[in-house]
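Please read the structure below before turning to the comments.
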Amino acid sequence: MSFTEEIKRRRTFAIISHPDAGKTTLTEKLLLFGGAIQVAGAVKSNKIRKTATSDFMEIERQRGISVATSVMGFEYSNTKINILDTPGHEDFAEDTYRTLTAVDSVIIVIDAAKGVETQTRRLMNVCRMRNTPVIVFINKMDRPAKDPFDLLDEIEKELSIHVRPLSWPIGMGDTFQGVYNIFEEKLNLFASIDKQRVQDTIELKDIHSKVLEQHIGEKSAARLREDLELIDGVYPSFHQEDYLEALIAPVFFGSALNNFGVKELLDCFIQIAPVPRCYESVQRRVCPEESKFSGFVFKIHANIDPNHRDRIAFLRIVSGQFERNTNYHHVRLGKDFKFSSPTAFMANKKSVIDEAWAGDVIGLYDSGNFKIGDTLTDGETLQYKGIPSFSPELFRYVENADPMKYKQLAKGIDQLMDEGVAQLFTLKANGRKVIGTVGQLQFEVIQFRLLHEYGASCRYEPLNMYKACWIVGDNKEELDEFRKRKFQYLATDKDGREVFLAESSYSLDMAREKFPSINFYFTSEF
Ligand code: G4P
């Protein structure tokens, strides 16, 4: 296979959802179709969590929460599929945001009874920031669900994206009979007795054919025809370009648990989903087919073996081909590194690979040289953009609890911040350190990891803040005045950038009003 063909057959994406919508179940079913795992029947969702590659952190085993992000690769219809797993727990949302920098598209899972939920909304905002193409899978149609038209309206309104159903449900819950696959013009009937598989797939190019009545009865047939007519009238016809430009989200209905609608989703996905994309670097735009290798680290995974404090840096290959035992340039450190055992992730197994192509994600063993956002190249000085920090929402002062272990604590905090576990701010007024997170759980994770991996103990002190905003202004006088007035709320982030810790949304609004020339940003990249 040629170099370009290798790249073009790759589809790298993430499945995202509000917790409990069915992300794990859908992931597992996709792996089953890809032959990557062999488990008969429906497997309980947390089972895969316990055997998944993502599950190697001790804390994770203890808590049963999928903290880590990992990659599941498999072959399907001559396509190399890379699914990037994202944490199931919303306290680790920032991890998910970063993973989204390494994918070319996403599938959003929505619970048919609950519709759009908080986390769906947040994740979609991140996709929108990057124009990531999105497919929506409306799950749990075997249960009582909201009206499908209402769901589509809700998605359009709440997620600010146009939709186009490519399959349509016939009934729901107890009366769920299956879906009409608009994309392939087929009728997929849901088995009424054995609900574990598609009972029948019937070609049905002409929706007015009497065959429809034979299968789903007169009433449902009439309703389906009416619905499809309405869909054609209301929603624009589907064009792949609109989806690729993130202007429209194709929508599928199904039931992941029952393995229903999943194959159709996968078959359509490999036809329409984007191939590896170009990335912007500070220096220039870099495209996958370029012969020279480059990539960036979007995730660092630590504590695989607590005795060795090994870390795995997850690298998304942006261009060219990666080869084992070859020298590559670590741009930030200005040094060359060779990797003797780079790993690829096939389903729930890791294996050493000799080569990988643009679009793939590989794991590199790391003894502390990598930070999130680091770039590795064939020699060129490139620095990829687009791995922003998001404003944390919870803050605490962090203090050393063991005077003998000051150094360990400093090192531990430093490394955990490099991994992107949380963000560290230093107050300008008194040099106190503040840790900011998006979830309560991270504070516990940090304390646990500092103790178990670095032998250091820390203590937290409460700090009530609303958000951390990166500030920039070109009116020096106003900026100086702001700095003087808000001195006690000013801090620097890990890169020395100026941050304003706003006490409340009111105080932020007031600051915006009084200092109109200053921009307050909720992400570190603007
Ligand atoms: P998540 O990763 O998005 O958090 O969701 P997960 O797949 O773990 O699914 C959450 C729950 O929803 C699980 O039930 C799962 O079995 C169920 N589920 C997923 N897809 C469907 C579906 O199509 N229909 C129905 N009826 N249920 C579905 P649980 O009871 O919370 O866990 P478990 O004990 O079954 O694993």
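The values are calculated or read from the model by the stated rules, or taken from the named source; none is laboratory data. Remember, predicted model here, so these are calculated numbers, not experimental data. With ideal geometry, Cβ positions are generated from the backbone for all residues, glycine too; neighbour counts draw on all protein chains shown. Just so you know, the surface numbers come from the protein's heavy atoms only, side chains and all, with ligands and any DNA or RNA stripped out. Shrake-Rupley method; radii C 1.70, N 1.55, O 1.52, S 1.80 Å.
Using a 1.4 angstrom probe and counting only protein chains, how large is the accessible area of Y466 in Å², to 10?
So the heavy atoms of Y466 present about 80 Å² to solvent.
List the cysteines of the chain that have no other Cys Cβ closer than 4.7 Å: which are they?
Cysteines of the chain left without a disulfide-compatible partner: C127, C268, C458, C469.
Pairing the Cα long axis of helix 476-485 with the longest principal axis of the chain, what angle in degrees results, from 0 to 90 and rounded to the nearest 10?
80
Write down the accessible area per residue of the chain in Å², having rolled a 1.4 Å probe over the full set of protein chains.
42
Taking the highest mean first, how do the peptides 203-209, 163-169 order by number of other beta carbon atoms within 10 angstrom per residue?
Listed from highest to lowest mean packing, they are 163-169, 203-209.
Using a 10 Å cut-off on Cβ atoms, rank the peptides 134-144, 176-186 from the highest mean neighbour count down.
Top to bottom by mean Cβ count within 10 Å: 134-144, 176-186.
What does the helix-only formula give at 222 nm for the chain: each DSSP H stretch with n ≥ 4 adding -39500 (n - 2.57), the total divided by the residues, and the result rounded to the nearest 500 deg cm²/dmol?
Value at 222 nm, helices only: -8000 deg cm²/dmol.
Mind computing the radius of gyration and Dmax over the alpha-carbon atoms of the chain? Å is fine for both.
Just the Cα atoms of the chain yield Rg and Dmax of 24.6, 82 Å.
Any chance you could give the angle, 0 to 90 degrees and rounded to 10, that helix 118-129 forms with the longest Cα principal axis of the chain?
It works out to around 80 degrees.
Treat every Asp and Glu Cβ in the chain as -1 and every Lys and Arg Cβ as +1, leave all other atoms uncharged, and give the resulting dipole magnitude about the Cα centre to the nearest 20 debye.
For this selection, approximately 1480 debye.
Putting +1 on Lys and Arg Cβ atoms and -1 on Asp and Glu Cβ atoms, find which of L212, G363, Q119 reaches farthest to the positive end of the dipole of the chain.
G363
On the accessible surface of the chain, probed at 1.4 Å, how many percent belong to carbon and sulfur atoms?
Whole-percent figure for carbon plus sulfur exposure: 47.
Taking the inverse of the average 1/r across all pairs of different Cα atoms in region 394-521, what Kirkwood radius in Å do you get?
Its Kirkwood hydrodynamic radius stands at 15.5 Å.
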